[in-house]
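Notes follow once the structure below has been shown.
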Amino acid sequence: MTIIESVGAPLLTVALTLGGGWFVTTRVTDRWEQLKKNREMDLAAAQDFQRLYGEFVAIWKTWNSLTDGHTTITAPEHVGWGCLERATAVEGQIEALLAKLAAERFLTEEKIDVLGGVRQAFKVVRRNIKRGEPIGWWSSTSEPYTAIKALSAAVSVLLSTVPKSTIRPSAAVAARNFREITSNRHETLWTDTARRIV
């Protein structure tokens, strides 16, 4: 047996073991880092939603305190103009969050309905402000009031739940999901969606 044969085989074994170990460790570390990054983004999205929900409630309460009847907003100088601007900004931020969810998650029809319902609930405040009407959710038993609470809780759970897969939907699936979330069919069905999930 030559020296190359006696030393070469063990060296090759050691090199392959080290190389394989390095490769596996790198792959596991990369996967873990990706999962960690995705989780941090999900938690940030959940915090964004909860902040937007808080702003939504603040706008609703402010608007109702400014109006005890019809107060049509006709010009930027009107006291309600700030409420309208804030409601529009929150609605736009919700829309952006929904686009993010459509692109990052595989969504069931129920989740699409919940997201579409939340979108419509946020629109109610802006629409009422624009018409100069108070948001008539005076009681905790009012159907729109209980619906927004149920839908917001469901979205918070969705955002704080780790997806089963790190694989993202294709662009076509994401576009379909976003189109369904933003469908006008939710305008009349959002309270029904809330009743189904509670």
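Descriptive notes on the structure:
- Once the Cβ-Cβ distance of Ala89 and Ala171 is raised to the sixth power relative to R0 = 30 Å, the FRET efficiency obtained is 0.60.
- Coupling constants for the stretch 134-140 follow from the phi torsions by the Karplus curve (6.51 cos²θ - 1.76 cosθ + 1.60, θ = phi - 60°), and in residue order they are x, 7, x, 9, 7, 10, 6 Hz; glycine and proline get x.
- Here the relative contact order of the stretch 91-181, from alpha carbon pairs under 8 Å that lie six or more residues apart, stands at 53 percent.
- The residue list Ile59, Phe178, Gly117 was ranked by how far each Cα lies along the charge dipole of the stretch 49-198 toward its positive end, using unit charges on Cβ atoms, and Phe178 comes out on top.
- Heavy-atom accessible area ranking, 1.4 Å probe, most first, across Asp48, Asp30: Asp30, Asp48
- Table column - 3J(HN,Hα) (Hz), the stretch 89-102, Karplus curve with 6.51, -1.76, 1.60, x for Gly and Pro: 5, 5, 4, x, 5, 5, 4, 5, 5, 5, 5, 4, 5, 4
- Taking label positions 7 Å along the Cα-Cβ direction at both Glu33 and Ala99, the computed distance is 2.9 nm, reported to one decimal.
- For the stretch 106-113, 3J(HN,Hα) per residue [Karplus equation, 6.51 cos²θ - 1.76 cosθ + 1.60, θ = phi - 60°, Hz, x = Gly/Pro]: 7, 10, 6, 4, 5, 5, 4, 5
- In this structure, the pairs whose alpha-carbon distance is over 20 Å, taken from Lys61/Lys111; Lys123/Lys164; Lys123/Lys149, are Lys61/Lys111; Lys123/Lys164.
- Solvent exposure ordering (accessible area, 1.4 Å, most first) of Arg119, Arg179: Arg179, Arg119
The values are calculated or read from the model by the stated rules, or taken from the named source; none is laboratory data. Values in this document were obtained by computation on a predicted structure and should not be read as measured data. Every residue, glycine as well, gets a Cβ built from its backbone with ideal geometry; the counts of neighbours run over all protein chains shown. Remember, those area values only see protein heavy atoms, side chains included, never the ligands or the DNA or RNA. Shrake-Rupley method; radii C 1.70, N 1.55, O 1.52, S 1.80 Å.
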